[in-house]
1. If the requirement is being in contact with a Gly (Cβ under 9 Å, 6 or more places away or on another chain) and within 24 Å of residue B:58 (Cα to Cα), which of these qualifies: A:337, A:289?
2. What residue, among those in the stretch A:105-144 that are under 26 Å from residue B:149 (Cα atoms) and in a strand (DSSP E or B), is farthest from the other protein chains (Cβ to nearest Cβ)?
3. Output the residues belonging to the stretch A:235-258 that are among the acidic types (Asp, Glu) and at pLDDT below 75.
4. What about residue A:243, is it more than 30 Å from residue A:346 (Cα to Cα) and among the charged types (D, E, K, R)?
5. State whether one or more residues within the stretch A:132-152 are surrounded by fewer than 16 Cβ atoms within 10 Å (Cβ to Cβ) and closer than 30 Å to residue A:326 by Cβ.
6. Checking the condition assigned to a strand (DSSP E or B) and within 14 Å of chain B (Cβ to nearest Cβ), which residue from A:354, A:320 passes?
7. I'd like the residue in the stretch A:364-398 that is in contact with a Leu (Cβ under 8 Å, 6 or more places away or on another chain) and part of a loop (DSSP other than H, G, I, E, B) and, out of all such residues, is modelled with the highest pLDDT.
8. Have a look at A:339, A:402 and point out the one that is part of a strand (DSSP E or B) and within 26 Å of residue A:252 (Cβ to Cβ).
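The values are calculated or read from the model by the stated rules, or taken from the named source; none is laboratory data. This one's a predicted model, so the numbers in the text were calculated from it and none came from an experiment. No Cβ is skipped: glycine too gets one built from the backbone with ideal geometry, and neighbour counts run over all protein chains shown.
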Amino acid sequence: MSCNHTEQAPRVVEAPIVINRRWPEEGFTRIPAWVYTDPAVYKKEMDVFFAGDTWNYVGLECEVPEVGSFKRQWIGDRPVVMVRNEDGQINVIENRCAHKGAQICWENTGKVSDFTCPYHQWNYDLNGNLQGVPFRRGALGKGGMPKDFDPKKWGIKRLRTVNRGGSIWATFSESAPSFEEYCGPDVLAEIDHMLPGKKLTLLGYSRQLIPSNWKMYLENLKDPYHATLLHTFYITFGLWRADSKSECIPTGGGAHSVMVSHNEGKKKSEATAEMERFRDDLRILDAETVTPRKEFNEGRVGGAWVFPAAQFGIQANSLKTRHVIPRGPNAHELVFTYYGYEDDDEEMTRLRLKHANLLGPAGFVSMDDSEMLKQVHTGISGYPDSVSVVEMGGRDTEPTDYMVSEVLIRAFYKYYREAMGL
Amino acid sequence: MTTVLDSIALRMQIRDFYDDYANTLDDVDLEGWVDYFTEDCHYRVISQENVKAGLPLGLIYCMNKNMLRDRVTALRETTMFEPRTLRHFISGVRINRIEDGLIHAQANFMITEALSDQEPTVNLVGQYQDILEQTEDGFLLRRRDCVYDNYRIRNSLIIPV
């Protein structure tokens, strides 16, 4: 059998991806529904943001404690591996063999001395350097790689990586600014606040698959307005409510944001009348569930959204990172990584675990978030030409010292339109 | 001395207990669900991922019966969720050992979920790891870890496992 090289190959017409959409005239106070469902928009987001000039959350240093410890992770659609090398440095490398592209790491966590692709057994060290190619010289004097094949050129791509107080961040981009410059002082201060340089202890993960576009989760965390209405537990027990001291600060041109508030406990005020779901009669038998031990700045809670897909936040005594992994236009994975400090006493660890009942897929104040996001996604999917209105608290993007505002969402879409060219 | 007949009878009783528990949850009788536990109980819904890594975090982590009661209050009074019908399928009931009068047992669970406008899907699969106490009124759970095999929760976990 032979291959006929003169045979005509099938003709292919190049078809570039075009986003044939027009943003509503009103600008960032409107969100067109197609932005959540259009596959071309999604593809461009993956390129522009997740693979572009952004810094992405990968994990906590304490997840890879020893040489060879690894954690599998995703940056947008792209699988990566976080691994500690022989020098104790943490690398983030693509989870993709340089040969044919198979994942070299199939487990979520573990420990290895090197990575071998199971397909053709190409072998890489913990820095991603190609160490061995079976049959490189062929067999029986025949075959093998061409003589000029240079293994140095065929390692696995290692991403630019930063360790900030025990949190690991990576970027595919060589042109992205430094991590510090990327975050800016407000976001950096929030990260430093939660990761003050103390050694961290991992408490566990919760993962859920939410059938809505990833930006809906981002918006949900930039939306204090809903939290003062939807979450009865928050408002009733003063964990988060419209009439407590608070701040909404858009930063990074609107990409990032800081949202903080103060836990004031259960109280009645003028504003409670507006909160239909405030329940004066609601009694909790285990009061400790909603009563944090004083830890950070007299009950200051909240956190920072680090664009594109991470949030660092405190609620009561639970410390956690939230990481959003887009899974196509119509779904995203949400991962909570809970941690504590190595010097926590037994009571504090117990409280961190107990207060984790507030959040996650079964959390008192977040099981309804995922339920709502599904409703929103289903609601808009059938109406791609519809628009939503985000005018609560005005039509501008200035920081506020109150909660009844959608300023962070407006600021985000101001940034988003520019970055996406929409 | 436990005879063979005793152990068969005990296993049948434990199976009945598990079936009753499943039925209570299928009926969304949340108040009845609480009655299966002792006052000083431990009830946790935890991923196999966390268990294997030796991490303590549970999606639901009740450290006493009051926390179970609070969860029922939350579900009844405060939570917004899409209407759904759940079915709990329990199989592979085993008594692992009896120690200091406490029964260490396990069973597999599979929970299907039918949302208001959709066919049922397999929602959660895993294993109960239990310590039961035998009282005059029947068995009570002193400790129940619901270890689920799913990598991810499908959207949200509303009704307890």
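1. Values: A:289 fails: in contact with a Gly (Cβ under 9 Å, 6 or more places away or on another chain).
Checking each option against the conditions leaves just A:337.
2. A:111
3. Of all residues in the stretch A:235-258, those among the acidic types (Asp, Glu) come to A:243, A:247.
Correct list: A:243 only.
4. Answer is yes for this residue.
5. no
6. Selected residue: A:320, the only one of A:354, A:320 that is assigned to a strand (DSSP E or B) and within 14 Å of chain B (Cβ to nearest Cβ).
7. Looking at the filtered set, the residue picked out is A:364.
8. A:339
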